[in-house]
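The values are calculated or read from the model by the stated rules, or taken from the named source; none is laboratory data. Not measured: the values here are computed from a predicted model. Here the Cβ positions follow ideal geometry from the backbone for every residue, glycine too, while neighbour counts run over all protein chains shown. These accessible areas exclude ligands, DNA and RNA; they are computed on the full protein's heavy atoms, side chains included. Shrake-Rupley method; radii C 1.70, N 1.55, O 1.52, S 1.80 Å.
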Amino acid sequence: MKDSEAIAQFLEMLAAEGGAARNTLLAYGSDLRGASELLGGGLVGADMAGLQKLGGEWMALSRTSVARKASVLRRFFAFLEEEGIRRDDPSDALPRPAVQRALPRTLSHGDIERLFDTLEERRRDRHADPLTLRLIALVELLYGSGLRATELVSLPRHALRGDRPFLILRGKGGRERLVPISDRARMAVADWGAHVPGDQPWLFPSGHGHLSRVRLFQLVRELAAEAGIPPQRISPHVLRHAFATHLLEGGADLRALQTMLGHADIATTQIYTHVNSAHLVELVNARHPLMDAARRRLGSGPEPGPGPDG
């Protein structure tokens, strides 16, 4: 079987059985075709020596890129073996670089308060003009419900009902999930919805379609600058991270959070436990009395005040 045929079948399987998103399929296809070219079109019949050669060709790439490419190839060879196209799986020869997963960027509670204070000031100063009401609704749904940017901008006009504190979304891979909507968010959407024509198919229309992800990104960064937060620290996805991190800090169950975020794998959600742990370490270092004593001994903290006897 030719590489091109095997790759097409593999991607078709991912789409049909795994519900893989279009961008995922494009990325996997690109990685597999690139590996096929490096091996001279012999990916389906590659042996362990050939895969070791691939590892050598990838040496100039970052560890993250190598790990991604190797992961795709492992899935591909497992598929070939399961389908009887190959009798063996040579993927043990692929490199396994250690990759430390970066913690997601997030925002403090103070940052969030500044964002919403700025929105409220804008509402008062501009007499609740429609664009301000739209921005309030967008931010309420990003931080209040943890929606992905694509999910948010493509919400149908009547996705939220005033009497229903949740909505059902179809997210990555076509998976449906139930997302709770706060009373604040429902009120914000109702205020904005009054300015959306009844025949509009989108809740956040723009031009001939709906608001774009790029424009949402710009609006969020403009709001951050107005609130005194460095714009490079924020994005719609960072607000989703803040939603998850702050819920965990408040005692939310990890499985419930996985459902709300629409993660297929609990391991994806568990990254937020590391964010929460980092926050706890910072809290101990900043607030624990033993840490204060250590800083005083090193001369980096305030001198102790007079005791009860002066």
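Some observations on this one:
- Remark: pairs (first residue in segment 114-128, within 12 Å of L223 (Cα to Cα); second residue surrounded by 12 or more Cβ atoms within 10 Å (Cβ to Cβ); Cβ separation under 6 Å; 6+ apart in sequence or on different chains) = R114/A227; L115/A227; T118/E226; T118/A227; L119/I136; R122/T132.
- Among the residues examined, A159 qualifies as of a type in the set (G, A, S) and under 25 Å from A20 (Cα atoms).
- Check on T259, among the polar types (S, T, N, Q), out of contact with any helix residue (DSSP H, G or I) (no Cβ under 8 Å at 6 or more places or on another chain) and farther than 18 Å from L138 by Cα: yes
- Condition broken by L131, with the remaining ones in (1) assigned by the TED database to the domain that holds A188; (2) under 21 Å from the mean Cα position of the chain (by Cα) satisfied: (2)
- Residue check, R255 under 30 Å from H127 (Cβ atoms) and free of Cβ contacts under 8 Å to residues at least 24 places away in the same chain: no
- Residue in segment 94-104 that is over 27 Å from L257 (Cα atoms), open to solvent by less than 10 Å² (accessible area, probe 1.4 Å) and over 19 Å from the mean Cα position of the chain (by Cα) present: yes
- Residue check, R170 under 17 Å from the mean Cα position of the chain (by Cα), open to solvent by 70 Å² or more (accessible area, probe 1.4 Å) and in contact (Cβ under 8 Å) with a residue 12 or more places away in the chain: no
- L147 part of a loop (DSSP other than H, G, I, E, B), within 22 Å of I234 (Cα to Cα) and either modelled with pLDDT under 90 or polar (S, T, N, Q) (or both): yes
- The single condition from (1) open to solvent by less than 70 Å² (accessible area, probe 1.4 Å); (2) within 27 Å of Q258 (Cβ to Cβ) that P130 fails is (2).
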